[in-house]
Protein chains: 2
Amino acid sequence: MADVLPPDDSLAIICGGGSFPAAVADAVARRGRRPVMFGIKGWADAAVIERYAHHWIAIGHAGRFFRLARTEHCRDVLFIGTVLRPPLSALRLDWQTIKLMPRVIRFFRGGDDKLLSGVAGVAETGGLRVVGVKDVAPEIFVPQGVLGRHAPTERDRADIARALTVIGALGPFDVGQAAIVADNNVLAVEAAEGTDNMLMRIAELRKLGRVTSPLGAGVLVKAPKSGQDRRFDLPSIGPRTIENIARAGLAGLAVTAGSTMIAEADQAIAAADRAGIFLVGVSEDAREERAR
Amino acid sequence: MADVLPPDDSLAIICGGGSFPAAVADAVARRGRRPVMFGIKGWADAAVIERYAHHWIAIGHAGRFFRLARTEHCRDVLFIGTVLRPPLSALRLDWQTIKLMPRVIRFFRGGDDKLLSGVAGVAETGGLRVVGVKDVAPEIFVPQGVLGRHAPTERDRADIARALTVIGALGPFDVGQAAIVADNNVLAVEAAEGTDNMLMRIAELRKLGRVTSPLGAGVLVKAPKSGQDRRFDLPSIGPRTIENIARAGLAGLAVTAGSTMIAEADQAIAAADRAGIFLVGVSEDAREERAR
């Protein structure tokens, strides 16, 4: 389908792992714009990449990417999918990247935010404009309000507010995008481990008797870090998140509306309904008043 | 030894698990005061409790405890050792505790700090004064400066400052007392899982290639929560902490001087020396300037 779209304003999509690259490309094509997939070797899924015009690239090969993007008539570039910070020693750099090394080194220090804004800066030196998912496929974001059959209780709402406040307090440190709060207790704060790992930890602690809030109490909340460049690495959820919430024995999941992406929304909502779990899009302003 | 000490100002020590109850009792006895151990059933170690005058108590048996403390000439009471928040359903309550239930219920909501100040309030209704380890055994705290052979580098010092700032930012939420920072990246924030679990997580993430800071970079920092009542649940370390830091591939461990307890200090320092790990007591003021 995408190959019949006009090539004159194609969108370069640099694709990491996971199912979001496909969801974004589909949405972009549906809106009548031609996606050109640049799969990052070792991360992107060939089955996803090969559905559209595509090339394979490696981290550190900025020069090759810029040439290909020009040939493909791309003026905008979007980054989507999972790429974990590679060890510097694992990178093979081309000459254009090496010329950019002072910038590259800078973004390998500091948290992911710095890494990502560094990447954007490099893309811009190549004459491309970096766009966000919101600019090209806003339908991928969770909307405000309750999705599915179950709704949060008053107690859940209080836990959601507390978790949003905790994530907000960690914003300056470029830490995680998620926290788990049950009955006003902060049970977990996400950092390098990722959301699924954090949920599995709660499931294990519960088995060991170290999480004593009752089954079906507690919320997972995901929200972008306060200082985050929203063109990159937005919080995301999918059916797997719901499964892990069920294993952790929580009541539900709240995400910031309009800034959290949802993969396979229909399946995710169906899974939540089956498991008796709520799924709600909330405003970031729903955080609690800072009581200090 | 303790039984020859004068009983007229005995110290009631309510003992949870771990090795700190023994360390505190030994220090108290060395200073010429008679410790009376109140081992919490299911948590305290009999081998530790039975070295001194002792009784076994259960959580929820406040009446029995007050009677015994009076008989044993205790005016002061100290809480030491590990007791995880029990599920309410697991408690058996005596009449005096039931009369105190409105307070008890209040401290089963909210984080550990509230739980603990609640317990202190209950103890005070029984006519006892709650004292902290610092009042009776200050030698159990890590002093300021480098312990052992290895010292933190400049980069380690910067990571220590960042971790202290993160822990400080979480103070209002009664979350953890520890964080791991490597090369300015916050890798982990402790909540319900505890320090050893958090360190094991970093070891696992490293095996999976998801912690890419080089081996021997990164620090574990422990500090009391900012709003914490220092009579309870202070951060603590011991030889096991050192072993887990080595497994996680970090450079070392920094704790707040004068407010972090160390168990088996000689073994812990020897283990750190062998593993090439630094162990340093820092001022809480060593946190970084808040850059917002």
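Quick notes on this structure:
- Only one of the numbered conditions (1) within 21 Å of the chain's Cα centre (by Cα); (2) of a type in the set (S, T, N, Q); (3) crowded, with 19+ Cβ neighbours inside 10 Å; (4) at pLDDT 90 or above is not met by B:Gln177, and that is (4).
- For beta carbons closer than 9 Å, sequence separation of 6+ or different chains, a first residue in the stretch B:125-136 that is open to solvent by 60 Å² or more (accessible area, probe 1.4 Å) and a second that is assigned to a loop (DSSP other than H, G, I, E, B) and not basic (Lys, Arg), the qualifying pairs are B:Thr125/B:Leu100; B:Lys134/B:Leu234; B:Lys134/B:Gly258; B:Lys134/B:Ser259.
- Some residue of the stretch A:27-41 being of a type outside the set (D, E, K, R), within 22 Å of A:Pro235 (Cα to Cα), touching a residue at least 40 places away in the same chain (Cβ under 8 Å) and open to solvent by 40 Å² or more (accessible area, probe 1.4 Å): no
- Of the helices (runs of 4 or more DSSP H) lying entirely inside the stretch A:2-105, the ones with 3 or more residues being at pLDDT 90 or above are found at A:20-30, A:46-49, A:62-71.
- Tally, over the stretch A:241-292, of residues that are assigned to a helix (DSSP H, G or I) and either surrounded by 16 or more Cβ atoms within 10 Å (Cβ to Cβ) or of a type outside the set (S, T, N, Q) (or both): 21
- B:Val146 open to solvent by less than 40 Å² (accessible area, probe 1.4 Å) and among the hydrophobic types (A, V, I, L, M, F, W, C): no
- Scanning the stretch B:201-215 for residues that are closer than 22 Å to A:Trp43 by Cα, of a type in the set (A, V, I, L, M) and exposed (fewer than 15 other Cβ atoms within 10 Å of the Cβ) gives a single hit, B:Leu208.
- A:Ser226 in a loop (DSSP other than H, G, I, E, B), under 25 Å from A:Phe20 (Cα atoms), within 13 Å of another protein chain (Cβ to nearest Cβ) and modelled with pLDDT under 90: yes
The values are calculated or read from the model by the stated rules, or taken from the named source; none is laboratory data. The structure presented is a predicted model; accordingly, all values stated were derived computationally and were not measured. When we count neighbours, we look across all protein chains shown, and the Cβ atoms used for this are built from the backbone with ideal geometry, even at glycine. All accessible areas refer to the heavy atoms of the entire protein, side chains included, with ligands and DNA or RNA removed. Shrake-Rupley method; radii C 1.70, N 1.55, O 1.52, S 1.80 Å.
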